[in-house]
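The values are calculated or read from the model by the stated rules, or taken from the named source; none is laboratory data. All values reported here derive from a predicted model rather than from experimental measurement. Glycine gets a Cβ as well: all are built from the backbone with ideal geometry, and neighbour counts include every protein chain shown. Side chains included, ligands, DNA and RNA excluded: accessible areas come from the protein's heavy atoms. Shrake-Rupley method; radii C 1.70, N 1.55, O 1.52, S 1.80 Å.
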Amino acid sequence: MIFDLPPLFGLFPLLLYVILAFKKGMHPVVNVAICVVVGAVMVQQPILGMGAIIAKAMGSFLALVGLIIMLGSGLGVVLRHTGVAEHIVYFFMKKIGVDSENKAIIATMVTSVALVALLGTLAGANAIIAPIVIPLVAAIGITPSVIAVIFQGAGQTGLFIGPFSPPMVTLMGITGLTYTQILFSAGLPLSIVMWIVTFFVAKRVQKSTSGVYSYSKDQLVIKENYQPSAETRRGTWAFLGCMALLVGYGILHKGGASYAVMVMLITSLATGLAGGLSLGKIFDSIMEGCGRLIWLFFIFLLFDPFLGFVDKSGAFAALGELLKPYMETSGKLGFTVFSSLVGIFGISGAAVAQAIMIDKLFRTLAEAMNISMYLWALIILVGHQLTSFAYPGADMIGEMGLAQSSDLKSMLKVGYAIIAASMVLVVAMTYIL
């Protein structure tokens, strides 16, 4: 450490990152870049040697997750250009039969969860869904506030059950557990809690905002006799069949994070070709989707050296030693509650990076207290995913924008209801897992 500072001072770049994350107008990439430079200076890493550090980060786990997210966005564009996305949305909405407020809420929840799980991206999936769903549910009188609540409250759970979503890939890498182990110990339990909370909060929001907020009449145009083209039908079957086969193979043979890259590429190609797109158009569509999230890839690329410098300072180990006596006194329950709340309220930024930070901060203590990997997976999932419900950040504002809602109060209502219910789940699971 520079000036022979105590190891705990190595946490300063992490603290700076959290502070800058809440600074208005601060671009996330700029935030991480500043913290990388500060971290490099603190551990006396030569600035001219940073090129080699970045080159090494290209092969890191975080960079791989960033690539998977971009490819998921690319697949989303292919689905839109082939009409497959529209076909899937209409299928769910018609099967449920949107003729009442309750059915409209459930149909929107199911559609959002399904597409988010398949694509592995919240904003990307809901951006595809929004222009199709809104006219259908608006005709029943569902308000923009309700759609925003559903898009985040229910939609985000798609990330907890999708086999190749960023949270799942990250948790498999951190814990060493398989997809099915994480699904049944963390993903599904948390999702069920969030579905229940979202449904009942959405009903209350509908009651309180009906007549206050509404969609404009020009958005109530519905395709009454929607019929997909032959190419769209072929593309849909190719998409669903390809995903089913590849996901099944991946689960059977324990395909890791790198396998997700091939799933996204093969599914994009199969769907595009079956849907009538040329190879050139397919790759243009993939690149269009990837281009929208290239900034996120750079964040993950820079996070590897950022966390590496903090680790090199000895800060994580020093913090663990400092907290150990308090954690041992509070016991297993105290540790699970504390680590979950620190993740939710104390660490902000890119969700996948949050998961890595929570693991680095508390993993040693978790092992010392005999916390099972199943419970650890749930703690990390709650800690890094529910931050978006605690503060009006990019995810919350983004879903409001897609739903054309300006009702922040309703978003915070569902957010804190979900956080409270999730903490009850964590407490209960402490005695089960």
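A few notes on this one:
- Out-of-range pairs (alpha-carbon distance over 19 Å; input Lys94/Lys413; Lys94/Lys281; Lys23/Lys56; Lys207/Lys409; Lys332/Lys413; Lys324/Lys360): Lys94/Lys413; Lys94/Lys281; Lys23/Lys56; Lys332/Lys413
- Two-decimal Rg to Rh for region 1-68 - Kirkwood Rh, Cα set: 1.01
- Set of aspartates and glutamates with alpha-carbon distance to Lys103 below 18 Å, sequence-local pairs under 8 removed: Glu224
- Between 0 and 90°, nearest 10: helix 122-138 axis offset from the chain longest Cα axis: 30 degrees
- Prolate/oblate/rounded call for region 91-244, Cα gyration tensor, a/c under 1.5 rounded: oblate
- Only helical runs count toward this figure. For the chain, summing -39,500 (n - 2.57) over DSSP H runs of n ≥ 4 and dividing by all residues gives -24500 deg cm²/dmol at 222 nm.
- Taking every protein chain into account, the accessible area of the chain amounts to 41 square angstrom per residue (probe 1.4 Å).
- Rounded if a/c under 1.5, otherwise prolate or oblate - region 252-300, Cα gyration tensor axes: oblate
- The label-point distance for Leu252 and Phe345, in a model that sets each label 7 Å from Cα toward Cβ, rounds to 4.8 nm.
- Three-way shape label, region 161-289, alpha-carbon gyration tensor, a/c 1.5: oblate
- Within the accessible area of region 1-109, the carbon and sulfur atoms contribute 71%, probe 1.4 Å, all protein chains present.
- With Cα atoms, 0 to 90° folded angle of helix 279-292 axis to the chain main axis: 50 degrees
- Peptides 150-157, 111-118 ordered by packing proxy, namely the average of other Cβ atoms within 10 Å per residue, highest first: 150-157, 111-118.
- Difference of contour (0.36 nm per residue) and Cα-Cα distance, Met58 to Ile19: 11.4 nm
- Here the accessible area of region 352-433 is 64 percent carbon and sulfur, with a 1.4 angstrom probe and all protein chains present.
- With every protein chain in place, region 243-308: carbon and sulfur % of accessible area (1.4 Å): 74 percent
- The angle between the Cα long axis of helix 84-96 and the longest principal axis of the Cα atoms of the chain comes to about 70 degrees, rounded to the nearest 10.
- Translational diffusion of region 305-407, µm² s⁻¹ [Kirkwood Rh, Cα pairs; Stokes-Einstein; 20 °C; 1.002 mPa s]: 146 µm²/s
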